[in-house]
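The values are calculated or read from the model by the stated rules, or taken from the named source; none is laboratory data. Just so it is clear, the structure is predicted and the values come from calculations on it, not from any experiment. Note: ideal-geometry Cβ built from the backbone for every residue, glycine included; neighbour counts use all protein chains shown. Ligands, DNA and RNA are stripped out before the accessible areas are found, and what is left, the full protein with its side chains, is counted by its heavy atoms. Shrake-Rupley method; radii C 1.70, N 1.55, O 1.52, S 1.80 Å.
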Amino acid sequence: MQERRQRTRKKVNSNKNSKIGAESVVLAIAMIFFVISIGGSIFGFLTRDTIATMVVAQGSLDRPIIINGIIVRDETVYRAATSGEVVFNVPHGERIRAGTMVSSIHTEFGTALSNEQERLQERILALQEQRVEVSAVSSDVANINTTISNIFVSNMHLMAGNDFSHIYTLHTNVERTLEHRNDLLLNENRGAVLAYTSENRQLANRIADINSAITASAGGIVSHVVDGFEEIFNTENMSYITKEQTRMRVDIDPLHRVRQVGPNESVFKIVNSNDWYIAAYIQNDLIRGWNTNTNTTIHVEINGRFEPLMVRVHSIYSGEGESFVILRSTRRMIDFLGMRSINFQTHDSIFTGLKIPESAIIEKTFLKIPEEFATWSTSQNRMVTKIENGVLQDVHITTRALRNVERAEGYIFIMQDFNNLRRGEVIIHPEDGREYRIEEIVVNSGVFRTNNGVASFTSINMDGIIRGSAGYVILDTDLNFGGLNVHDRIVTDAANLNITEGTIIHQMGG
């Protein structure tokens with residue numbers, strides 16, 4: 001005891017200089033560790049890989065999506081009763097009444113008589129030009145000649161841009177006007193041409209008796225174009241049109257008309273109604289807001305350019321990813337009379353929303369566990385207790401609110417971390433000790449936000465996502481509000497980098 005007291009006392013009575021020296025050594029050691037620690041942090045900060053980030057902004061993408069469709073009309077095809085040459089009495093695109101003789105089939109003998117009549121008519125027209133006496137129809141002919149000239153002048157600008165589809169319309173209009181003028185000249189009952197005009201009428205009657213006339217049983221619009229699909233695609237069966245049929249290409253020459261036919265072959269058709277339809281399969285994100293019996297505007301391709309067309313949604317047959325849609329229109333029937341296949345866009349192709357790189361989107365696996373198995377630690381961190389090798393181990397967790405995932409009352413979602421908590425492990429109820437094996441998982445898409453320099457997974461809503469050709473996508477702003485927002489900073493290439501929750505981000509980017 002005596003000896004111990006002497007050591008204690010010796011320690012208490014140590015000189016002042018020794019005490020100061022000891023304190024100096026401790027302080028110096030502490031400073032060395034502090035410098036090493038700070039220097040290491042600075043070195044690590046300066047030498048670790050830089051990760052590209054960006055600030056989320058409201059942006060736009062131009063994604064023109066061309067949809068293929070099939071035109072459906074209420075059409076009646078008229079066929080030939082005999083073989084011969086087709087002669088049309090009514091131009092393409094003209095509206096007629098029931099009982100109108102649209103065309104006739106000229107037999108071989110009838111064709112010979114027609115050729116004879118044609119030579120006779122040429123002689124009559126030549127005499128009309130040479131005659132010196134006053135013609136009863138001269139003023140009418142002069143007016144018609146002026147009309148023909150005006151037709152050419154008014155149509156020339158339509159072909160200025162190499163758009164030759166109007167040639168057929170121009171040809172029809174001029175031909176119709178010339179026929180009217182020639183009828184006046186060929187049927188004049190006076191002067192030097194009287195004998196010839198009488199013979200012309202006799203030939204016309206003989207030709208009519210020999211040739212087979214085709215008369216329309218109902219009124220409508222005449223079309224010289226018969227593509228063979230009139231009875232396949234009609235208003236009664238259009239709801240059964242398949243996707244493959246809507247994407248087939250039916251190429252029709254607008255200048256083509258039937259010249260020769262055999263028995264029961266198609267000659268022309270009559271479109272019986274102004275209502276015409278477009279059947280197509282369309283991606284659901286392109287028809288959001290469409291409802292049956294509502295009007296909308298689509299952009300249809302005519303001669304290489306897209307023009308607006310008002311249509312009415314006739315019916316929608318919803319499907320997963322895309323829907324079968326039938327649109328009805330009563331406008332511009334003549335413009336599409338010679339078409340069966342059609343290309344169109346549903347609306348303006350500019351999409352606006354949260355614009356981010358597609359490479360920023362990454363999928364993560366989440367564990368679904370009952371909320372009652374999670375508790376709070378003394379430091380107010382959420383945690384679960386798992387069994388590992390028979391030993392209880394507390395694991396800190398971070399729950400996530402997932403978008404595009406059906407919420408389940410009483411359950412929480414935890415990002416799977418193979419180093420701490422993963423599928424198949426068993427957790428313990430904090431109160432009654434019940435065991436729960438983690439089996440149910442959910443895969444969810446999201447981005448890594450880095451607003452505070454630390455990576456934090458944020459779930460995103462992928463409904464209605466628009467993908468562009470430049471590697472960017474547009475997310476719906478409203479559907480992501482409260483999760484991913486304008487001005488958030490995100491990792492731009494999370495899909496290709498090994499980013500984990502809590503990674504310190506040495507960021508670069510705007």
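Rg to Rh for region 370-510: what is it, with Cα atoms only and Rh by Kirkwood?
Values: Rg = 17.4 Å, Rh = 17.2 Å.
When Rh is taken as the Kirkwood radius, the ratio is 1.01.
Looking at region 212-299, the accessible area is 50 square angstrom per residue; that uses a 1.4 Å probe and ignores ligands, DNA and RNA. Expressed in nm to one decimal, what extension gain is obtained for the pair ASN264 and THR292 from 0.36 nm per residue of sequence separation less their Cα-Cα distance? So the extension gain works out to 6.1 nm.
Pair-distance distribution P(r) for region 400-469, from all Cα-Cα distances in 10 Å bins starting at 0: 15, 38, 32, 13, 2, 0 percent.
Taking 0.36 nm per residue of separation and subtracting the current Cα-Cα distance, fully stretching the chain between ALA470 and GLU409 would add 17.9 nm.
Given Cα positions, please report Rg to Rh for region 247-404, the hydrodynamic radius being the Kirkwood one.
Working: Rg = 28.9 Å, Rh = 22.0 Å.
Reported Rg/Rh, Kirkwood definition of Rh: 1.32.
The residue list THR398, LEU337, THR378 was ranked by how far each Cα lies along the charge dipole of region 319-400 toward its positive end, using unit charges on Cβ atoms, and LEU337 comes out on top.
Across all Cα atoms of region 300-339, the radius of gyration (one decimal) and Dmax (whole number) stand at 12.6, 35 Å.
Give me the one-decimal Kirkwood hydrodynamic radius in Å for region 328-427, with the sum taken over alpha-carbon pairs.
Details: mean 1/r = 0.0533 Å⁻¹.
With all distinct Cα pairs of region 328-427 included, I get 18.8 Å.
What's the extension gain from ASN343 to GLU320 if we count 0.36 nm per residue and subtract their Cα-Cα distance? Provide the component values of the computation, followed by the final result.
Values: separation 23, 0.36 × 23 = 8.28 nm, distance 2.24 nm.
Result for the pair: 6.0 nm of gain on full extension.
On the protein heavy atoms, probe 1.4 angstrom, tell me the percent of accessible surface of region 435-510 carried by carbon and sulfur.
On the way: 1810 of 3710 Å².
With neighbouring chains kept in place, the figure for region 435-510 is 49 percent.
Rounded to the nearest angstrom and listed largest first, the equivalent-ellipsoid semi-axes of region 365-414 from its Cα gyration tensor are 22, 13, 9. Rounded to 0.05, the FRET efficiency of the ASN115 and ARG331 pair, given R0 = 41 Å and the Cβ-Cβ distance, is 0.45.
Overall size of region 199-251 from C-alpha positions, given as principal axis extents largest first: 59, 24, 17 Å. Just report the Cα centroid separation between region 74-125 and region 372-403, whole Å. Here the answer is 90 Å between Cα centres. Distance between the pseudo-spin-label points of ARG95 and GLN380 (7 Å out from Cα toward the beta carbon): 7.8 nm.
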